[in-house]
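For reference, the structure is listed below as structure tokens.
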Protein chains: 2
Amino acid sequence: MQQSASEDLKNQMQARLSKVQSLLESGTFRQVRQLLNALKPVEIARIIASSPPHSRKVLWDLVDKEVTGEVVEELPSDIREQFLRGMDAEAVAELTEGLEADDVVDILQHLPETIMQEVLAAMSEQDRHRVESILPYGKDTAGGLANTDTITVRPRFTLDVVLRYLRRHTDLPPSTDSLIVVNRKDDFLGLLPLSKLLTSDPNTTVREVMESDINAIPADMHDTDVAKLFEQHDWISAPVVDDQGKLIGRITIDDVVDVIREGADHSLMSLAGLDEEEDTFAPVFRTIPRRAIWLGINLLTAILASAVINVFQGTIDKVVALAVLMTVVASMGGVAGSQTLTVVIRGMATGHLGPTNMRWLLSREVRVGLVNGCLWAGIMGLVAAYWFGDPLLAVLLAVALVINLLVAALAGALLPNILKSLKIDPALAGGVTLTTVTDVVGYLVFLGLATFFYA
Amino acid sequence: MQQSASEDLKNQMQARLSKVQSLLESGTFRQVRQLLNALKPVEIARIIASSPPHSRKVLWDLVDKEVTGEVVEELPSDIREQFLRGMDAEAVAELTEGLEADDVVDILQHLPETIMQEVLAAMSEQDRHRVESILPYGKDTAGGLANTDTITVRPRFTLDVVLRYLRRHTDLPPSTDSLIVVNRKDDFLGLLPLSKLLTSDPNTTVREVMESDINAIPADMHDTDVAKLFEQHDWISAPVVDDQGKLIGRITIDDVVDVIREGADHSLMSLAGLDEEEDTFAPVFRTIPRRAIWLGINLLTAILASAVINVFQGTIDKVVALAVLMTVVASMGGVAGSQTLTVVIRGMATGHLGPTNMRWLLSREVRVGLVNGCLWAGIMGLVAAYWFGDPLLAVLLAVALVINLLVAALAGALLPNILKSLKIDPALAGGVTLTTVTDVVGYLVFLGLATFFYA
């Protein structure tokens, strides 16, 4: 039942996609246009993002001009940039009409400086003013996430005045759960939650019911920290101020959810050495160089491991079973190490893990490595003894396994800290450095011990 | 600047933690109690979750009784269960006072049936009624996420009546952005957004301004689909109905954010074969069995790869350089395959990838594998030719690399679908099955070719 609900959503999407594809192939663009423009912008964006590169431009040209702005906003950023690169300043300016200021800034920041100035010049004065107020802030900061469409009130108003003031609006900005209280100079003073506004006596003043113990978010705060604050406090929206405490705008939960999604996506993709922006349907010529770099780095580490084996050619020549069993030592070390590594990287990312409890974790990982090492070394030792009928070989294999699992625990726990202090992202480089260590140590210990006993 | 803001938050947390730890060690529990209870529940929960297992119980006992409910709600679920297991029914009932119904259900669903009935019996009648209405729904469903603290209104009311009705409340439930319109039988009719309520003429009726084209969420919808709907529509809250269309409650964005976080965490941890619930500071005896299973599965696949090498003992005995180079073939295949695998699993999870565009993706992956295979096979071939002075060996290595990278592309693209049709989670089992394929094929092709040409 649950599964089928989940599948239904995906099947609906896939059915739509397959219809669009077959219509495109048969060249009936008019029907594609009808089908596309009956959908919500977010759905149109999904169809474009799920289509192979050669169909995307065709689909994009079929989207009604009035919704292109909203569609562009929902597209993955690398696809968005491709489309924007093909447009002139006036077309971009037209497209940004009706978008929220932070989304416009998002688009502008991906354009070359000259085009950006042209787009700004082509905007209406009010829009330009809104956009320019948050343009200086990087896209990964609170300022870059901020919307300027806020409703502000003064502390001396009565709630009745506020209610009448709101009735002059046709609607409130999306995700408005609070009005923002500011003074004449736009200094942030506090929040007036709608729930307070609705449940308090209309004759009280804003000052009496507003929440003034709230710290507004500084515009230069990193977006992942903004996300943590939202999660901790279950906020719907939060005010953003500049370094003088003046209100810049507000961040809403929907933009925070995007930050969380992108962060999670980044962690997942970087474990495979892939760029976070990688578009699932990127064309071949874009995909090749991105993947090639990581393969090249891995080739270097593989050659390093080979060089270690090479040192022991003589021993392998004598006991060829070593070549058969050495890969087990390396492989088990890699798996055990990546378990530790994943736990440590996650702990560091969530802020649970730091200098205070690192030593405890290290000691646990070593103990876990020792117990699991002994367990599987014992089993593998028996397998090897039976397989090759050589008890010495089996003992050496078991000892090498225990040592490599201990090294894996140490490396998995310590590498993220070492990489971080070298300013290298542990999520990206952790896996490859870890397996380099466990491969090299695994081959070195196993073949080294064998050389000592057999040579 | 941004970096330091991010570090500040983590450092503050770590400083607090280190203070608590040193106070605990010196046995000054009174000060720990003061320090703890000056913090917000979410911060207390973080301190407990970041402490080694032996300190947790001590800290837990120092938390003020009034906030234990809120602290428990913020704890990772495996730690929460440990605490609850040590409490009697009355204590659990006391702890659930003041919690939202969905959080109470979350707690109850982890208790044995008999204890659960006792806890229910110990609750106030009103609380019991609220909880029992959503208890039948699984914790991964919309019903399980639903809160029962909704404000409902009738369509015939005027907005003025609604405003006066709201003023009788001291506050609105958290994340209330809409009132829910129902008839006398509690059938869901539509939503009255607060923004509409505040901007419309007080003399109009609810019926005239309510949004009735909204589909309420069915209680059995899977939570990840609920999250997708929230993301697509930028919802703050959404009504949940049973299969007769009767209102059960509403889901709020803060619970949806937790679903998104847990989903992302699950993807990350399952890539390392770790259980999603793994507590960073789980004690040794819990960690060992969890990790051991994955190591055991890997040992089986490593033995399989060894068995393949074993077949070619005779060839390795003749050309020992094969033992040095064979690991490069396996390693490169593993990396290339896991790149494809990650892209495919992500594409399937987001719903972008399905039967319609799978063929296109497969053909791209094969082309990328071919180009990158030829590139790195060429380079590695030159390295090997120079290293061992054996052009034939170099050519065989290059050919094996190209073939293994092609196989890796195919396996990375097809395995997730195969696993899914076998009802196995591709995120969990994809990596290990993939490297089994690339190891086996890598050794088989390289050593097989060598046997043909050298033997």
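Values as computed for the structure displayed
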{"quantity": "Subset of the stretch A:317-336 that is more than 18 Å from B:Ser331 (Cβ to Cβ) and at the interface with chain B (Cβ under 7 Å from one of its Cβ atoms) - its residue that is most open to solvent (accessible area, probe 1.4 Å)", "calculated": "A:Asp317"}
{"quantity": "Subset of the stretch A:406-453 [without any contact (Cβ under 8 Å) to a residue 60 or more places away in the chain and not polar (S, T, N, Q)]", "calculated": "A:Leu406, A:Leu410, A:Leu414, A:Ile418, A:Leu419, A:Leu422, A:Lys423, A:Ile424, A:Ala429, A:Leu449, A:Phe452"}
{"quantity": "From the options A:Gly273, A:Gly337, A:Gly333, A:Gly314, residue that is under 30 Å from B:Gln12 (Cα atoms) and in contact (Cβ under 8 Å) with a residue 60 or more places away in the chain", "calculated": "A:Gly337"}
{"quantity": "Residues (in a helix (DSSP H, G or I), within 10 Å of chain B (Cβ to nearest Cβ) and open to solvent by less than 40 Å² (accessible area, probe 1.4 Å)) located in the stretch A:167-206", "calculated": "A:Leu194, A:Ser195, A:Leu197, A:Leu198, A:Thr199"}
{"quantity": "Residue match in the stretch A:237-252 (condition: within 10 Å of chain B (Cβ to nearest Cβ) and at pLDDT 90 or above)", "calculated": "yes"}
{"quantity": "Among (1) part of a helix (DSSP H, G or I); (2) among the β-branched types (Val, Ile, Thr); (3) at pLDDT below 90; (4) open to solvent by less than 60 Å² (accessible area, probe 1.4 Å) - the single one B:Thr114 does not satisfy", "calculated": "(4)"}
{"quantity": "The stretch B:240-253 - residue that is of a type outside the set (S, T, N, Q) and surrounded by fewer than 20 Cβ atoms within 10 Å (Cβ to Cβ) and, of those, nearest to B:Ile214 (Cα to Cα)", "calculated": "B:Gly245"}
{"quantity": "Test: residue in the stretch B:273-291 that is over 25 Å from B:Pro53 (Cα atoms), facing another protein chain (nearest Cβ under 8 Å), buried (at least 19 other Cβ atoms within 10 Å of the Cβ) and not charged (D, E, K, R)", "calculated": "no"}
{"quantity": "Residue match in the stretch A:221-238 (condition: in contact with a His (Cβ under 9 Å, 6 or more places away or on another chain), farther than 18 Å from A:Ser77 by Cα and crowded, with 18+ Cβ neighbours inside 10 Å)", "calculated": "no"}
{"quantity": "Tally, over the stretch A:152-164, of residues that are exposed (fewer than 15 other Cβ atoms within 10 Å of the Cβ) and either facing chain B (nearest Cβ under 10 Å) or of a type in the set (Gly, Ala, Ser) (or both)", "calculated": "0"}
{"quantity": "Scope the stretch A:253-272; condition facing another protein chain (nearest Cβ under 7 Å) and of a type in the set (Ser, Thr, Tyr); matching residues", "calculated": "A:Ser267"}
{"quantity": "Selection count where residues are assigned to a helix (DSSP H, G or I), over 14 Å from B:Leu271 (Cβ atoms) and not charged (D, E, K, R), scope the stretch B:416-455", "calculated": "21"}
{"quantity": "Cβ-Cβ under 6 Å pairs, at least 6 apart or on other chains, the stretch B:214-233 side within 17 Å of B:Gly190 (Cα to Cα), far side of a type in the set (Ser, Thr, Tyr)", "calculated": "B:Ala219/B:Tyr137"}
{"quantity": "Some residue of the stretch B:125-143 being outside any helix (DSSP H, G or I) and among the hydroxyl-bearing types (Ser, Thr, Tyr)", "calculated": "yes"}
{"quantity": "Qualifying residue in the stretch A:419-429 (condition: closer than 25 Å to A:Ser306 by Cα and open to solvent by 30 Å² or more (accessible area, probe 1.4 Å))", "calculated": "yes"}
{"quantity": "Helices (runs of 4 or more DSSP H) lying entirely in the stretch B:282-381 (those with 3 or more residues that are within 29 Å of the chain's Cα centre (by Cα))", "calculated": "B:284-311, B:321-350"}
{"quantity": "Residue satisfying condition, being of a type outside the set (S, T, N, Q) and surrounded by 24 or more Cβ atoms within 10 Å (Cβ to Cβ), within set A:Phe446, A:Phe452, A:Phe388", "calculated": "A:Phe446"}
{"quantity": "Hits in the stretch B:337-349 - residues which are more than 8 Å from chain A (Cβ to nearest Cβ) and open to solvent by less than 50 Å² (accessible area, probe 1.4 Å)", "calculated": "B:Gly337, B:Thr340, B:Val344, B:Ile345, B:Met348"}
{"quantity": "Of all residues in the stretch A:254-266 being free of Cβ contacts under 8 Å to residues at least 60 places away in the same chain and among the charged types (D, E, K, R), the one that is surrounded by the fewest Cβ atoms within 10 Å (Cβ to Cβ)", "calculated": "A:Asp258"}
{"quantity": "A:Ala413 vs. criteria assigned by TED's automatic domain parsing to the domain that holds A:Val445 and open to solvent by less than 10 Å² (accessible area, probe 1.4 Å)", "calculated": "yes"}
{"quantity": "Residue pairs meeting the criteria (Cβ under 6 Å; at least 6 apart or on separate chains; first under 16 Å from A:Glu211 (Cα atoms), in the stretch A:171-183; second open to solvent by 20 Å² or more (accessible area, probe 1.4 Å) and assigned to a loop (DSSP other than H, G, I, E, B))", "calculated": "A:Ile180/A:Thr150; A:Val181/A:Met210"}
{"quantity": "Residue among A:Glu66, A:Glu100, A:Glu74, A:Glu94 that alone is within 14 Å of chain B (Cβ to nearest Cβ) and either open to solvent by 70 Å² or more (accessible area, probe 1.4 Å) or under 27 Å from B:Met221 (Cα atoms) (or both)", "calculated": "A:Glu74"}
{"quantity": "Criterion violated by B:Met269 - all others in (1) within 30 Å of B:Gly143 (Cα to Cα); (2) open to solvent by 10 Å² or more (accessible area, probe 1.4 Å) satisfied", "calculated": "(2)"}
{"quantity": "Condition met for B:Gly369 (more than 7 Å from every other protein chain (Cβ to nearest Cβ) and over 27 Å from A:Val319 (Cβ atoms))", "calculated": "yes"}
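The values are calculated or read from the model by the stated rules, or taken from the named source; none is laboratory data. Predicted, not measured: the structure shown is a model, and the values here were computed from it. For neighbour counting, all protein chains shown are included, and Cβ atoms are generated from backbone atoms with ideal geometry for every residue, glycine included. Each accessible area value is taken on the protein alone, full model and side chains, heavy atoms only, with ligands, DNA and RNA left out. Shrake-Rupley method; radii C 1.70, N 1.55, O 1.52, S 1.80 Å.
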